[in-house]
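Only one structure is covered here, and it is reproduced in the block below.
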Amino acid sequence: MRRRTLLAASTAGTLSAAGTLSAAGTLLSACAPGRRRASDGRITLRFQSLAWQQESIEANKQLVAEWNAAHPDIRVDYVQGSWDSVHDQLLTSFEGGEAPDIIHDATDDLADFAYGGYLADLTGLLPQRLKDEIPPQTWQTATFAGAVHGVPFLQEPRVLIANRALLERSRVRIPTAERPWSWGEFEDAAKELTRDGTYGVAWPLKEPVSATLNLSLSTGGKVFHRGADGKVTVRFDAADQRVPRVIHDQLGGDRSAARTTLGMGGSDTLPGFFGGKYAMVPLGFSYRQQIVQQAPKGFAWTVLPSPAGPGGDQRQGVSPQTLSIAADSPYQKEAARFIDFFLRPPHMVRLARGDWMLPTGLTALRDPALHTRRHGWATGAALAGRLRPAPAQSVRGYPEWKDKVATPALQEYYSGAIGMGELRERLVEDGNLVLARYQR
Amino acid sequence: MSTRLTARRRAARTGQYLALLGYLVFLAFPLLWLVSTAFKPPRELASLHPGWIPDHPTLDNFRQAFDEQPLLRSAGNSLIASLAAAAITVVIATPMAYVMARHHRSPLSRAATGWIVVSQAFPFVLVIIPLFLVLKEVRLIDSLSGLIMVYVVWSLPFALWMLAGYARAVPRELEEAAAVDGASRLRTLISVTMPLLAPGIVATALFAFITAWNEFFFALVLLKSPQKQTMPVILTHFIGTEGVADLGPLAAASLLATLPSLVLFAVIQRRITSGTLAGAVKH
């Protein structure tokens, strides 16, 4: 879920943007302004939300309005942010002492901020109710150096969105969350579905790294290995290679995957999917909203679980959306109270439905609205227990490894320009050089 | 022989027109596609064979865009910032450019020219920290005034470069003739030089306006209050995780964002042309 940053893009030279800005951090932090408390003692908190879909924005604004109506002494100002620019915007806000009190982001974007000391440790701030609601493996996604820096509240598995008519017409077994395809069965199914101008699968691989890494968890792929000294090294062993090999073979071997989608994002594949060019598209769970909005009338589609690894292993990596509190907010307790209110189980359900994602809270996840077969909700909800922290998200230097090493290497591998040997060499050797700079 | 020459000339002229037509189509394509997308319902947006003209045109994208985001307010903020930046840039740049043009051999003018060239190479990331510090000191963070100041500073080097070129093209002889006719230095500047510089001033103002109108990064970083955000910042709110965009409303909002520039071009284009002609006749 990490977004490309303008700052990073503009300093592709010798200095990283984060480094440049961090160098000026102490200077800027010295300029922190006075905080917002009215003469009558009323507090105003700033909540920067990244909600962007219509229903999601409505749910966010409604919850803020409900809080404000019930808490006249602690007012929350809703501020709209954007996924596209949140990293740069937050970085400069932190540096200048202008950060919002309550921050919406994703766990894969938090590492820099958490290690930089910009985010409050929530361990002692959150009520036990909320702590108990979210499973330990999900808390793990927002835990950095032993401190919790965000409350993970929404997450989405990667699923296979399939053309139901083509699937039912074929001879393939239709997988369920309880009995998913193995990767081998998935390859066979894609081959079976490839006929008459239709490809079995379309892999939108404009950004191939997170898809590859997160799906590789099911085959035991880790890529990043933390040693006893806490240092992380890159490895690319047989378990890590299984998923990339499948994709590579589908694209260049049996041609059951369309090569034209290699440079596409998820949304770009939808016209072809609706037009019957692709039988299946691996996408994030929230893409269902676009499919509901855009699919031609009468188009039948279904949500299938992603293939499982050996022993039916359905683990996959996710980077949940989080709510954090700025370290320099003087009203951290009040901000934590708002987060507690905002993430009560019924509210989490509203937010999840607005974003077409899964809530992390166990009570919210049991809500019947999320277990309907309509639009594949039940399939997604059944996968929630298998979601794990994305392998890379706590690794410092991962964004650089991803942009400079892994993305071009994987793109070349998938396009057939290089083989597995060279892919491995580049990911590991070049990758470890990058990570070493962050771990001195 | 002459028939062959004429035929060759005609062929060359036809080729030129075809090239021009191709260029115009190339330029118009994104705008036409934007218009088409803004009026398409979601199902047509995801069609495998998209058409230019929507089968079922709708205003829903505009409604949704206005419902979700404060477009008018942000357009107002952008307009204030851009107009002010353009006006201030021109006021500052015009006399400076004139001096640079008339004394282009002086060391100061040469140094200024060198500095202008170098300043164009600065990436945003190098400028944003000192700017942030300075604006913070003078309490201009989160204010349109601060943003306007940044836009003026950012546009000024190129504006100077542009205007100095126009100023150099104004013949000295005209000013000397005016002096011979008894016009004072100020009168010469106002009555002779400025009308000839008018197209350059207008073009420079347009450049400064469009630079400010399209600017995203400074506005993103320097403005904190939702009430002050400008149009480019608001447009990013239609983009979600992994670059997924709410395409219809985004196109509708983007179309609205292009209108002021188009209107300004339409109005100003005539001014540029008439100014050029005025210069030619005078000369």
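The values are calculated or read from the model by the stated rules, or taken from the named source; none is laboratory data. Here the structure is a predicted model, which is why all the values come from computation and not from measurement. Positions of Cβ are backbone-derived with ideal geometry, glycine not excepted, and every protein chain shown enters the neighbour counts. Heavy atoms of the whole protein, side chains included, go into the accessibility calculation; ligands, DNA and RNA do not. Shrake-Rupley method; radii C 1.70, N 1.55, O 1.52, S 1.80 Å.
Per-structure values
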read-out	value
Selected residue [closer than 26 Å to A:Gly230 by Cα, of a type in the set (A, V, I, L, M, F, W, C), modelled with pLDDT of 90 or more and not assigned by the TED database to the domain that holds A:Ser218] from A:Ala70, A:Ala142	A:Ala142
Members of the stretch B:210-244 found to be on the phi > 0 side of the Ramachandran plot and touching a strand residue (DSSP E or B) at 6+ places or on another chain (Cβ under 8 Å), listed by number	B:Glu242
So A:Asn60, is it assigned by the TED database to the domain that holds A:Lys277 and either touching a residue at least 40 places away in the same chain (Cβ under 8 Å) or small (Gly, Ala, Ser) (or both)	no
A:Pro152 being surrounded by fewer than 24 Cβ atoms within 10 Å (Cβ to Cβ) and on the phi < 0 side of the Ramachandran plot	no
Some residue of the stretch B:124-143 being among the hydroxyl-bearing types (Ser, Thr, Tyr) and either assigned to a helix (DSSP H, G or I) or open to solvent by 30 Å² or more (accessible area, probe 1.4 Å) (or both)	no
Leading residue by the ranking (nearest to A:Met264 (Cα to Cα)) among those in the stretch B:225-234 that are more than 9 Å from chain A (Cβ to nearest Cβ) and of a type outside the set (Lys, Arg)	B:Pro232
Pairs, first closer than 30 Å to A:Pro346 by Cβ in the stretch A:147-173, second charged (D, E, K, R), C-beta under 8 Å, six or more apart	A:Ala147/A:Asp121; A:Val148/A:Asp121; A:His149/A:Asp121; A:Gly150/A:Asp105; A:Leu154/A:Asp355; A:Pro157/A:Arg386; A:Ile161/A:Arg288
Subset of the stretch A:123-142 (residues that are surrounded by fewer than 23 Cβ atoms within 10 Å (Cβ to Cβ), under 24 Å from A:Glu95 (Cα atoms) and in contact (Cβ under 8 Å) with a residue 60 or more places away in the chain)	A:Leu125
Answer from B:Gly240, B:Gly182 - the residue that is free of Cβ contacts under 8 Å to residues at least 12 places away in the same chain, more than 25 Å from B:Leu144 (Cβ to Cβ) and within 12 Å of chain A (Cβ to nearest Cβ)	B:Gly240
Members of the stretch B:242-283 found to be polar (S, T, N, Q) and at pLDDT below 80, listed by number	B:Gln269, B:Thr273, B:Ser274, B:Thr276
Selection count, the stretch A:398-427, where residues are buried (at least 18 other Cβ atoms within 10 Å of the Cβ) and small (Gly, Ala, Ser)	2
Residue list for the stretch A:225-252, filter: out of contact with any Lys or Arg (no Cβ under 8 Å at 6 or more places or on another chain) and open to solvent by less than 40 Å² (accessible area, probe 1.4 Å)	A:Gly227, A:Gly230, A:Val234, A:Val243, A:Pro244, A:Val246, A:Ile247, A:Gln250
Count - residues of the stretch A:262-300 that are hydrophobic (A, V, I, L, M, F, W, C) and crowded, with 20+ Cβ neighbours inside 10 Å	9
Enumeration of residues in the stretch B:157-166 that are open to solvent by 30 Å² or more (accessible area, probe 1.4 Å) and within 12 Å of B:Ala208 (Cα to Cα)	B:Phe158, B:Met162
All positions within the stretch A:54-92 that are at the interface with chain B (Cβ under 10 Å from one of its Cβ atoms), buried (at least 21 other Cβ atoms within 10 Å of the Cβ) and not aliphatic (A, V, I, L, M)	A:Ser56, A:Gln80, A:Gly81, A:Trp83, A:Asp84, A:Ser85, A:Asp88, A:Gln89, A:Thr92
Filter result for B:Ile210 (open to solvent by less than 60 Å² (accessible area, probe 1.4 Å), touching a helix residue (DSSP H, G or I) at 6+ places or on another chain (Cβ under 8 Å), modelled with pLDDT of 90 or more and among the β-branched types (Val, Ile, Thr))	yes
Residues (open to solvent by 10 Å² or more (accessible area, probe 1.4 Å) and without any contact (Cβ under 8 Å) to a residue 40 or more places away in the chain) located in the stretch A:350-373	A:Leu365, A:Arg366, A:Asp367, A:Pro368, A:Ala369, A:His371, A:Thr372, A:Arg373
Near pairs, Cβ below 8 angstrom, 6+ apart or cross-chain, from the stretch A:206-224 (assigned to a helix (DSSP H, G or I)) to any residue that is aromatic (Phe, Trp, Tyr)	A:Pro208/A:Tyr414; A:Ala211/A:Trp203; A:Ser218/A:Trp183; A:Thr219/A:Trp183
All positions within the stretch B:225-243 that are open to solvent by 10 Å² or more (accessible area, probe 1.4 Å) and in a loop (DSSP other than H, G, I, E, B)	B:Ser225, B:Gln229
Residue check for A:Gly197: within 14 Å of chain B (Cβ to nearest Cβ), surrounded by fewer than 24 Cβ atoms within 10 Å (Cβ to Cβ) and in contact (Cβ under 8 Å) with a residue 40 or more places away in the chain	yes
Those residues of the stretch A:93-122 which are of a type in the set (Phe, Trp, Tyr) and either crowded, with 24+ Cβ neighbours inside 10 Å or touching a helix residue (DSSP H, G or I) at 6+ places or on another chain (Cβ under 9 Å) (or both), in sequence order	A:Phe94, A:Phe113, A:Tyr118
